[in-house]
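The values are calculated or read from the model by the stated rules, or taken from the named source; none is laboratory data. All values reported here derive from a predicted model rather than from experimental measurement. Counting neighbours? That spans all protein chains shown, and the Cβs are built from the backbone with ideal geometry, glycine included.
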Protein chains: 2
Amino acid sequence: MSVLVVGSVAFDSVKTPYGEAEEAIGGSATYFAAAASFFTPVDIVAVVGTDFPRESLQFLSERHVDLSGLEVADGRTFRWAGEYQLNMNDRETLDTQLNVLADFHPNLADRHREQPFVFLANIDPELQASVLKQTVHPDLVICDTMDFWISGKRDALLETMTQVDVLIINDSEARDLVEDHNLARAANQILGLGPRAVVIKRGEHGATLITNDTYFSVPAFPVLSVMDPTGAGDSFAGGFVGYLAKSKDTSDIGLKNAMVHGSVMASFNVEDFSVRRLETLTPHEIDHRYDRFIEMITL
Amino acid sequence: MSVLVVGSVAFDSVKTPYGEAEEAIGGSATYFAAAASFFTPVDIVAVVGTDFPRESLQFLSERHVDLSGLEVADGRTFRWAGEYQLNMNDRETLDTQLNVLADFHPNLADRHREQPFVFLANIDPELQASVLKQTVHPDLVICDTMDFWISGKRDALLETMTQVDVLIINDSEARDLVEDHNLARAANQILGLGPRAVVIKRGEHGATLITNDTYFSVPAFPVLSVMDPTGAGDSFAGGFVGYLAKSKDTSDIGLKNAMVHGSVMASFNVEDFSVRRLETLTPHEIDHRYDRFIEMITL
């Protein structure tokens with residue numbers, strides 16, 4: 001089955017202790033699609049400005065990513081700039097220019113409306129809701145969000161949440177969303193908001209899946225040379241949702257397996273700046289790391 | 001097989017967002033022994049002052065913990081006071097009074113020298129070395145340390161490290177010890193200092209075992225009501241070493257199993273102040289949580 005992602009396509013300027021990238025291709029939809037495309041066809045719905053070089057996404061087209069929903073609007077593409085500290089966990093946003101993203105109103109074509117898997121990347125929860133309104137009974141809705149919306153558009157986010165099956169969120173955001181410092185309790189409370197599953201991303205410490213019946217944690221794959229963590233969450237989501245769409249198993253066992261595939265894809269993504277590593281990655285490399293990952297979590 | 005622990009027995013005054021304990025029984029040797037005693041006999045070598053109520057350790061004697069090595073010195077018992085923040089990870093030390101611990105020189109009786117498993121709790125690395133000098137070819141030496149010794153007695157610590165089989169250390173200390181922010185690289189470097197295994201404690205995110213052939217992570221058991229994290233590291237070590245001594249399997253597979261037992265014991269410890277939870281704990285409760293833990297990490 002195939003996946004619809006609605007999110008951002010962007011220019012990122014990133015500095016880490018190990019190098020920097022200037023106006024490199026980024027954005028949540030880009031990272032997600034690059035990772036998910038190893039498992040399943042993906043449709044992107046997003047907006048770029050007239051300054052965006054469409055050929056930079058050519059590698060996605062070659063992997064059955066449909067770009068017909070990539071709107072080109074008058075103006076400049078969304079830009080983000082940030083710098084990571086030595087520990088690679090703390091980052092500072094240096095600049096955000098919404099540009100064409102400020103007036104983005106996702107319009108789904110017929111082929112998008114009927115996609116069985118929908119990933120709502122980290123955008124305004126009101127836009128997330130408007131996307132869901134245009135879909136036709138998707139099998140599974142997966143959603144990401146961030147602190148900016150949790151504090152700034154809380155009511156809209158809670159409303160969107162009632163229509164979401166799986167929420168993917170990082171640990172500090174999970175605590176903020178339900179205002180509970182105990183992560184296990186916070187996760188249980190999030191299940192009360194609508195989702196039947198919540199995935200808590202813990203950065204270098206891995207991720208945890210919580211449903212009413214399941215609590216399952218995976219570590220992060222130990223990458224010896226982390227170059228740039230940007231997009232790790234979205235490539236995790238790409239591997240997670242891509243695998244679900246491919247396997248068609250959305251049971252708790254399917255979700256557990258998806259956690260491993262998400263972690264594997266995120267581990268590749270951080271090995272280079274922008275989407276470079278996902279661009280050159282091969283299915284053979286993914287299989288190999290998957291096997292090593294399974295070894296790593298098997299008693 | 002039985003275990004020798006050399007460490008502290010203390011009075012702790014702890015404040016957390018959920019309550020406080022005034023001059024309650026604490027200390028690394030106490031927490032370690034309380035946890036390990038569920039698996040194997042334990043000998044404690046430590047010092048207290050004349051103000052220490054020996055009957056407060058009666059519950060340990062009933063579980064085959066030998067207290068003949070608990071020296072009573074003229075003066076007051078070691079005291080520590082600290083306060084935890086809302087997230088229960090950050091803590092502030094409010095007061096440290098070494099008292100009789102300042103002049104502690106562990107003297108091993110014959111029965112201690114020949115113990116096959118030796119746990120060097122977090123004390124001065126010079127004392128750790130002097131303990132090892134008194135032992136007779138132990139099968140396995142496990143060692144803990146902290147930032148205070150890493151920065152203050154680095155050379156002595158590195159010297160001790162050459163005689164240690166398993167180092168148990170938290171994530172920030174591992175980074176500091178070898179001055180590398182990448183945890184996977186840091187762990188590999190620690191293996192170069194002497195230990196054949198390193199266990200990196202990640203607090204609420206679990207723990208990771210690294211050897212030359214194995215990388216194995218466990219999550220923390222999700223405790224819904226964490227009352228007091230004091231002693232979590234030592235009760236982890238107690239479950240870890242206690243299980244190894246009981247199973248006599250110190251292969252990488254044995255170490256992996258020990259990780260689970262360590263995590264289970266730490267998860268009980270944080271449910272109440274001081275050693276209260278370990279005092280009332282039953283083998284049946286441990287078995288039950290172990291089964292739930294295995295479920296939690298099984299794909």
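Scan region B:1-24 residue by residue and report those that are touching a helix residue (DSSP H, G or I) at 6+ places or on another chain (Cβ under 7 Å) and within 17 Å of B:Ala73 (Cα to Cα). Selection gives B:Val6, B:Gly7, B:Ser8, B:Val9. Applying the condition of being within 26 Å of B:Ser37 (Cα to Cα) and of a type in the set (D, E, K, R) to region B:92-115 and asking which residue is farthest from the other protein chains (Cβ to nearest Cβ) yields B:Asp110. B:Ser247 meets the conditions (1) among the polar types (S, T, N, Q); (2) free of Cβ contacts under 8 Å to residues at least 60 places away in the same chain; (3) within 20 Å of B:Ala33 (Cα to Cα); (4) surrounded by 24 or more Cβ atoms within 10 Å (Cβ to Cβ) in every case but one. The failed one is (4). Any idea which residue in region B:211-230 is nearest to the other protein chains (Cβ to nearest Cβ), counting only those that are touching a Leu at 6+ places or on another chain (Cβ under 8 Å) and in a loop (DSSP other than H, G, I, E, B)? This residue is B:Pro222.
Count of region A:234-287 residues, restricted to those that are farther than 15 Å from A:Val3 by Cβ and of a type in the set (Gly, Ala, Ser), is 5. Against the numbered list (1) more than 11 Å from every other protein chain (Cβ to nearest Cβ); (2) touching a residue at least 24 places away in the same chain (Cβ under 8 Å), A:Gly203 comes up short only at (1).
Once region B:219-231 is narrowed to residues that are touching a strand residue (DSSP E or B) at 6+ places or on another chain (Cβ under 7 Å) and surrounded by 24 or more Cβ atoms within 10 Å (Cβ to Cβ), the residue that is farthest from B:Ala10 (Cα to Cα) is B:Pro219. Taking the criterion of being at pLDDT below 95 and either of a type in the set (Phe, Trp, Tyr) or touching a Phe, Trp or Tyr at 6+ places or on another chain (Cβ under 8 Å) (or both), the only residue of region A:125-150 that qualifies is A:Phe148. Figure legend. Inter-residue proximity from region B:168-184: first residues within 11 Å of chain A (Cβ to nearest Cβ), second residues among the small types (Gly, Ala, Ser), beta-carbon distance below 6 Å, spacing 6+ or different chains. Indicated pairs: B:Arg175/B:Ala186; B:Asp180/B:Ala186. So, in region B:65-91, how many residues would count as being in a loop (DSSP other than H, G, I, E, B) and away from chain A (no Cβ under 14 Å)? Residues flagged as in a loop (DSSP other than H, G, I, E, B) and away from chain A (no Cβ under 14 Å) within region B:65-91 amount to 5.
Kindly indicate the residue of region A:190-200 that is closer than 28 Å to B:Thr16 by Cβ and either away from chain B (no Cβ under 11 Å) or modelled with pLDDT under 95 (or both) and also surrounded by the fewest Cβ atoms within 10 Å (Cβ to Cβ) among those meeting that condition.
Narrowing region A:190-200 to residues closer than 28 Å to B:Thr16 by Cβ: A:190-193, A:198, A:200.
Cutting the leftovers down to either away from chain B (no Cβ under 11 Å) or modelled with pLDDT under 95 (or both) gives us A:190-193, A:198.
On the way: A:Ile190: 21, A:Leu191: 15, A:Gly192: 9, A:Leu193: 16, A:Val198: 23.
Checked region A:190-200; the qualifying residue surrounded by the fewest Cβ atoms within 10 Å (Cβ to Cβ) is A:Gly192.
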